[in-house]
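The values are calculated or read from the model by the stated rules, or taken from the named source; none is laboratory data. The structure displayed is predicted, hence computed values, not measured ones. All Cβ positions, glycine included, derive from the backbone under ideal geometry; neighbour counts span all protein chains shown. The accessibility values were calculated without ligands, DNA or RNA, using every heavy atom of the protein model including side chains. Shrake-Rupley method; radii C 1.70, N 1.55, O 1.52, S 1.80 Å.
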Amino acid sequence: MPSRPGPVTIEMVARAAGVSLSTVSRILNGTAVVSETKSRAVEEAIAALGFVANPVARGLAGGRTLSIGVVTQAIDSPFYGAALRGIEDQLGPEGYSPLFVSGHWDAATEVRCIDVLRSRRVDGIIVLTGRISDAALKACAKALPVVVTGRTLKAPGLFSLHFDNFEGGRLATQHLIQLGHRRIAFITGDPAHADSIERLRGYRAALEAAGIVFDPALVVPGEYHEVNGLLAVDRLVESRQRFTAIFAANDQMAFGAALGLQRRSLRVPDDVSLVGFDDLPTSQYAIPPLSTVHQPAYEMGRLAATAMLEMLSGVKPTAELAAPRFVARESSRRLPG
């Protein structure tokens, strides 16, 4: 049985094109100033031999691997999925490839993720929120560029993108207050998440501004998944707390809450108004369409990637996320009477 031929090498391309190895290398790196004849000869040799450039090897020769590590929390999350797409869309045209790993909201796992990415010699690391400590991020930034979302953090080699979760929480609650609601239940996110803490703080600030006494019995913990919204409604109903509206700290929990209300024969918005947070693409197709705070997940990913590319080019990033805005849809209505 004949042996399988090995991969086509850059040396084979150089021989076929009749040029030096360094000329082929410079053409592939985009740094060569050569005649059109030599350039065409190299292109024809590449096509004839089926040569595929090795970006890692080429990058290592120039000090880069053309790859960016990305620590997300859950690859299957509809929110972070949009952010990952934004990163991919921004890096691709610039010749960079993202390497995605999941931290699962665990600080130790996120540290291991960063260690793995550094072992792959990525050129920089993007961290989407997470629980890894500020100190660990600052330490990593001493070795390679770091972009982190969901924080206001400053350090050499590090850039942070912050979304105003406090204002988003305030806007969602204010919307319900303006519709006449005063008994507003709140389904929180994970209490260890900074964004969850800020959304709760915004909820309380809106109540206080309207002269509504904060009732801790109306605050139910959740963990940002649909099932948490469903269970939160069960808990609220079984506690016999009176409420006319629910603010869920993300759209996924709002979807679960809608199902929980339906199973309790409570109609949205006729019996209970419902608002979420994030404005996932599916929110406008919920029944009824969900009122929510718009958080630009795709744009967050795109801006994080842009900031990383700027840092690698020696440019100081200046990107900022747009301020939160409330999107009113059919799931919230004025309280009758």
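Ordering of 228-234, 316-322, 302-308 by packing is 302-308, 228-234, 316-322, highest average first (other Cβ atoms within 10 Å, averaged per residue). Computed from backbone phi, the HN-Hα couplings of the range 103-110 come to x, 6, 6, 10, 4, 5, 5, 5 Hz, rounded to whole numbers (Karplus: 6.51 cos²θ - 1.76 cosθ + 1.60, θ = phi - 60°; Gly and Pro given as x). Distance between the modelled labels on Lys142 and Asp106, one decimal in nanometres: 2.7 nm (7 Å Cα→Cβ projection).
Binning the alpha carbon pair distances of the range 152-290 at 5 angstrom intervals from zero yields the distribution 2, 11, 21, 23, 21, 11, 5, 3, 2, 1, 0, 0, expressed in whole percent.
Once you order the gyration tensor axes a ≥ b ≥ c over the Cα atoms, which shape class does the range 191-257 get: rounded for a/c under 1.5, otherwise prolate or oblate by comparing a/b with b/c? In terms of gyration-tensor shape, oblate. Local charge for Lys154 was computed over the other residues whose Cβ lies under 15 Å away, with Lys and Arg +1 and Asp and Glu -1, and equals +2.
Counting only protein heavy atoms and a probe of 1.4 Å, the accessible surface of the range 224-311 is 52% carbon and sulfur.
Per-residue ellipticity at 222 nm, computed for the chain from helices alone with -39500 (n - 2.57) per DSSP H run of at least four residues, works out to -13500 deg cm²/dmol.
Once both labels are positioned 7 Å from their Cα atoms along Cα-to-Cβ, the gap between Lys154 and Val116 label points is 3.4 nm. Remark: the chain carries 50 Å² of accessible area per residue (probe radius 1.4 Å; ligands, DNA and RNA excluded).
Label positions at Arg183 and Ala48, each projected 7 Å from the Cα along the C-beta direction, are separated by 8.3 nm.
Seen from every direction in turn and averaged, the convex hull around the alpha carbons of the range 240-295 projects onto 3.6 nm². Between Ser239 and Arg40, the contour length at 0.36 nm per residue exceeds the Cα-Cα span by 64.0 nm. Given in Å, the Rg to one decimal and the Dmax to the nearest whole number for the Cα atoms of the range 127-186 are 17.1, 54. Amide hydrogen proximity for Leu99: with H placed 1.01 Å from N in the peptide plane, the residues at 5 or more positions away or on another chain lying under 5 Å are Ile68, Gly69, Val70.
Within the chain, the proportion of C-alpha pairs whose separation exceeds 27 Å stands at 54%. In whole percent, and with a 1.4 Å probe on the protein chains, what portion of the accessible area of the range 62-140 is carbon and sulfur? Carbon with sulfur: 49 percent of the solvent-accessible area.
Extension gain, Lys316 to Ala217: 0.36 nm times the residue separation minus the Cα-Cα distance gives 31.0 nm. Each residue of the range 200-205 was assigned a 3J(HN,Hα) from its phi angle through the Karplus curve 6.51 cos²θ - 1.76 cosθ + 1.60 (θ = phi - 60°); the sequence is 5, 5, x, 4, 5, 5 Hz, with glycine and proline shown as x.
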